[in-house]
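The values are calculated or read from the model by the stated rules, or taken from the named source; none is laboratory data. Everything numeric in this text was worked out from a predicted model, so none of it was measured. Methodologically, a virtual Cβ is constructed for each residue, glycine included, from the backbone with ideal geometry; neighbour enumeration extends over all protein chains shown.
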Amino acid sequence: MADYTKYTKQEMQAYAIAKSIKENQIVIVGTGLPLIGASLAKRAVCPSCHPIVESGLMDCSPVEVPRSVGDNRFMAHCAVQWPNVRFVGFEANEWLHDEDRLIAFIGGAQIDPYGNVNSTCIFGKGDYVKPQTRFTGSGGANGIATFCNTVIMMQHQKRRFMDHVDYITSCGWMDGPGGRERAGLPGNRGPQMVVTDLGIMKFDEETKRMYLAYYYPFSSPEMVQENTGFEIDITRAELMEGPDPEIIRLIREEIDPGQAFIKVPKEK
Amino acid sequence: MANKVMSLHDAVEKYVQDNDVLCFGGFTTNRKPYAAVYEILRQGKTGFVGWSGPAGGDWDMLIGEGRIRAYINCYTANSGYTNVARRFRAAIEKGELVYEDYSQDVLMLQLHAASLGLPYLPVRMMQGSGLVKFWGISEEQRRTMEGVDNLKCVEIENPLEPGEKLLAVPVPKLDCAIIHVQQASPDGTCIIEGDEFHDIDIAIAAKRTIVTCEEIVSDEYIRRDPTKTRIFGECVNAVVRAPYGAWPSQCYNYYDDDDKALKEYNLASMYLDEEDAKAQLQKAADKAAKAAAAKPEDEKLAAASEKAAQAAKDAADGTKVPETFKDYLQKYVYGCKDQDDLLNVLGGARLMNLKNEPHLGYSTRH
């Protein structure tokens, strides 16, 4: 009999993602952890949500875990197969109509205290034209971060949480209150949360700076501060309980049985 | 009606020209016109300005082979197999690729604007980000480059809503578009099943459009149900029958991606060629040795160092050199004279196992 009472950091992160999705929300997912989290939400935590992907596939309910946002696994099991430009128009119109239904998950390599995210490159000793490390680039993230409230997925490491990122691929709250408006971006949209393997960060309503909202049963506020490259308020932090065994069973047996995105350690 | 059917060789020879502004249809690992990419590689065509869209191995191969003059990009990866396309990444980190980054949503709108014949495009996206701040190709350079717009973007005020900040971006002027579709008829009419992506946009926008397809059907047959046809034949210059022409990417209702090939490419594309493999393995061995020496009591580091040293030695003396990017291309591109030859290399059983399972929309047999 498999043991579902123990869970990994990644499974906790997927659960935290699922918990962040609210009733009837339209959820923009990519592949990887956010997809597992959204699948979990759709099946157990919040079945009324509607997952959509940036390629233009709307209300997806894949049977097998897709590898890319344009995967046939999404395409064959969705409500509408729109081209990407319709997706862009839809997210922009949601903002123009002042709807508050969209929530989007994006990832990144570096993040600053205001939730500005870099997924383009790390300069190192070089610069943008010849960087030390190059990533994929924007993909859909910049457009999503323009028009939608976002949840940012990160690995919690000091070198990733820094005062200034080399390159802002997806705008967060810029330099604080009013920053988005000054840049020409919708001011009533922006990052809501950062979900990491150590906890959940939110942004202060006044200052727009990141603070620790929740830590996990296996982490602590001190651990979060140690692994954050800037001063972070940990005084408001609460403990988030871990998932029930049934949730872990769902992830392992039904959502990602091939362990495409969540590796399960072998039982001893 | 016009008969535009020709061989892949002739279509690429006639309609793809050196230095073209070039764009492909498809989305990362879905309906990418790989057969045409292989033929471009075989014919040695080069000097392209690429508007890549959501790119995968298609553009990575052209970059690795040095065929790109300027790469206008928003995302390059075989998603789910390679996090960042490896020849793309290596070329940028070595400073060997002239490139520009856009937001994917903006780039797709630019291609759409091209299909609409718009003069330029105002957007809200990209503002405040590095996408505006950093230019891969300077204005000075741009003015000297044929086929590259003079400016990446311009900050403007909405002329109809004074005070609103916007960004103006150029509309691409495509010389050549290549798309792979499920069915086409000799006059160029196309049926695309599943998501069209930006394929229709670029087929309209480009001066020359090549369509490769799984099946050629008659002009009469394709008109039996015009709700299914998506591209007007007059936008198309060449129609090429290329079964499995999107391999190793997917083709909706026809076949799934070939995970074996995409995994093979992921590993092979780590090394440009034999010399690069040897150098990289030696570098890895030196690094592992240094790490092990710093912590002599750590058994894991010692074992890793030994393993890395062995791999470097085996590569150096030729005992075991890992497959490289060049080897992969030799096997599936240069070593095959055409698409039929490639399908024979892959073999019947392998291709049959990729076939779509109608009740699922993908394959579970590979």
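Beta carbons closer than 8 Å, at least 6 apart along the sequence or on distinct chains, pair a first residue in segment A:248-268 that is over 19 Å from A:T5 (Cβ atoms) with a second that is acidic (D, E) for A:G258/A:E64.
Taking segment A:110-127, which residues are more than 17 Å from the chain's Cα centre (by Cα) and within 19 Å of B:A77 (Cα to Cα)? A:C121, A:I122 - these are the residues of segment A:110-127 that are more than 17 Å from the chain's Cα centre (by Cα) and within 19 Å of B:A77 (Cα to Cα). Would you pick out the residues in segment A:65-88 that are in a helix (DSSP H, G or I) and surrounded by fewer than 17 Cβ atoms within 10 Å (Cβ to Cβ)? Result: A:R86, single match. Among the residues making up segment B:117-138, those that are out of contact with any helix residue (DSSP H, G or I) (no Cβ under 7 Å at 6 or more places or on another chain) and within 14 Å of chain A (Cβ to nearest Cβ) are B:L118, B:P122, B:G130, B:V132, B:K133, B:F134, B:W135, B:G136, B:I137, B:S138. Total residues in segment A:191-220 satisfying the condition of being buried (at least 23 other Cβ atoms within 10 Å of the Cβ) and within 30 Å of B:P162 (Cα to Cα): the figure is 1. Counting residues in segment B:135-156 that are touching a Gly at 6+ places or on another chain (Cβ under 9 Å) and of a type in the set (D, E) gives one or more. From the residues in segment A:123-159 that are touching a Lys or Arg at 6+ places or on another chain (Cβ under 7 Å) and within 23 Å of B:Y71 (Cβ to Cβ), which one is farthest from the other protein chains (Cβ to nearest Cβ)? The qualifying residue farthest from the other protein chains (Cβ to nearest Cβ) is A:Q132. Across segment B:309-366, the qualifying residues are those that are among the small types (G, A, S) and buried (at least 16 other Cβ atoms within 10 Å of the Cβ), and the one among them that is nearest to the other protein chains (Cβ to nearest Cβ) is B:G361.
Could you pull out every one of the strands (runs of 3 or more DSSP E) wholly within segment B:1-92 that has 1 or more residues that are away from every other protein chain (no Cβ under 13 Å) and touching a Lys or Arg at 6+ places or on another chain (Cβ under 7 Å)?
Details: elements: B:21-24, B:48-51, B:68-73.
Those strands (runs of 3 or more DSSP E) span B:21-24, B:48-51.
Quick one: would you say B:L160 is over 23 Å from the mean Cα position of the chain (by Cα) and assigned to a strand (DSSP E or B)? No: the conditions fail for B:L160.
Among the numbered conditions (1) more than 7 Å from chain B (Cβ to nearest Cβ); (2) in a helix (DSSP H, G or I), the only one that A:E99 does not meet is (2). Looking at this structure, is A:G187 surrounded by fewer than 21 Cβ atoms within 10 Å (Cβ to Cβ) and either away from every other protein chain (no Cβ under 11 Å) or more than 25 Å from A:I36 (Cα to Cα) (or both)? Yes, satisfied.
Within the bounds of segment B:213-228, is there any residue that is crowded, with 19+ Cβ neighbours inside 10 Å, within 14 Å of chain A (Cβ to nearest Cβ) and in contact (Cβ under 8 Å) with a residue 12 or more places away in the chain? Among the residues of segment B:213-228, not one is crowded, with 19+ Cβ neighbours inside 10 Å, within 14 Å of chain A (Cβ to nearest Cβ) and in contact (Cβ under 8 Å) with a residue 12 or more places away in the chain, which makes the answer no. The residue of segment A:28-74 that is modelled with the highest pLDDT, among those that are closer than 24 Å to B:T76 by Cα and of a type in the set (S, T, Y), is A:S55. Filtered by the rule that a residue be in contact (Cβ under 8 Å) with a residue 24 or more places away in the chain and more than 13 Å from chain B (Cβ to nearest Cβ), segment A:45-73 gives A:V45, A:C46, A:S48, A:C49, A:H50, A:P51.
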